[in-house]
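Note sheet for the following structure.
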Ligand code: 3HC
């Protein structure tokens, strides 16, 4: 999701430093951003020319310290692993200006635990800024308050989101999954157990959710779109933190088989060009 978030900031006029662990990921990220900005420009949703937007994004290979030099806000979107997130936050804290906000796009990990990786004086500036996939199109950003987050940080983060053209919901309790993923976890679980018990097929459930419940995507295609590995990470993180769930074999088997959805070319459906979403 990182490249989608970088794109939003660049469209809104911010200078962006996009950091990742290898050059190839950054190259792919820039290609994705350019494709997306072009699409939005074709529809009149971006007023500037594509190259002007692209020129605001510089890339940094594997050097968080360099990327956060002089910034006003950092948005972390690394893998859903608390230890990795803490390492990234500790490094960003070391090098970012003292007044910078450190936001996490975590899907399910506690903001409070992440904040404990930074110096006590920074903790009031650590906040959840949770985008939805694909960030350029999804209107919502959840702003999550951890135990240390100040009112000022919540306010400023909501202002950033508004400048990116997003609607915000402030989540005042740092509960597992916040609001959206907590409810989505139940939807996925219910859908999954219906399949596991042979009560309905993947296609029947997705059709019912799309054509009757009015969702843009059914539960299974949305898991393919989000990444079933991410769904498993979220489920595990929530389970470890006391969210009572009944992990369903139909999802866990996909994770064991590394059939993660669009990104690997197969999940609950097949995608002829891995990494590229096409309606099955
Ligand atoms: N940037 C710009 N344009 C994009 C784009 C992007 N990233 N992704 C898709 N588009 C364009 C498509 O190219 C297409 O353009 P066209 O009209 O010129 O052909 C247009 O958007 C519509 O796309 P599609 O025809 O593929 O299909 P849809 O009309 O269904 O729109 C969708 C796609 C916006 C993804 C829609 O299906 C949707 O809203 N799905 C639900 C997504 C959702 O619920 N996301 C949240 C997941 S949970 C999450 O992220 C939480 C996290 O913690 C894991």
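Take the conditions (1) within 18 Å of residue 137 (Cα to Cα); (2) in a helix (DSSP H, G or I); residue 88 misses just one of them, which is (1).
Could you please give the count of residues in the stretch 215-229 that are more than 11 Å from residue 262 (Cβ to Cβ) and surrounded by fewer than 21 Cβ atoms within 10 Å (Cβ to Cβ)? Working first, answer last.
Looking only at the stretch 215-229, we keep the residues that are more than 11 Å from residue 262 (Cβ to Cβ), and these are 215-220, 229.
Retained after the next criterion (residues that are surrounded by fewer than 21 Cβ atoms within 10 Å (Cβ to Cβ)): 215-217, 229.
Total meeting the criteria: 4.
Tally the residues that are in contact with a helix residue (DSSP H, G or I) (Cβ under 9 Å, 6 or more places away or on another chain) and not in a helix (DSSP H, G or I), restricting the search to the stretch 30-57. Number of matching residues: 8.
Checked against (1) surrounded by 13 or more Cβ atoms within 10 Å (Cβ to Cβ); (2) under 29 Å from residue 274 (Cβ atoms); (3) under 21 Å from the mean Cα position of the chain (by Cα), residue 83 meets all criteria but (1). Considering 227, 198, 218, 235, the condition of being outside the structural domain of residue 116 (by TED's automatic domain parsing) and closer than 25 Å to residue 116 by Cα is satisfied by 235 alone.
Every condition in (1) in a loop (DSSP other than H, G, I, E, B); (2) touching a helix residue (DSSP H, G or I) at 6+ places or on another chain (Cβ under 7 Å) holds for residue 165 except the one numbered (2).
Summed over the stretch 137-156, the residues that are more than 16 Å from the chain's Cα centre (by Cα), surrounded by 15 or more Cβ atoms within 10 Å (Cβ to Cβ) and not in a loop (DSSP other than H, G, I, E, B) give a count of 3.
The values are calculated or read from the model by the stated rules, or taken from the named source; none is laboratory data. Since we're looking at a predicted model, the values are computed, not measured. Quick reminder, even Gly has a Cβ in these numbers, built from the backbone with ideal geometry, and neighbours come from all protein chains shown.
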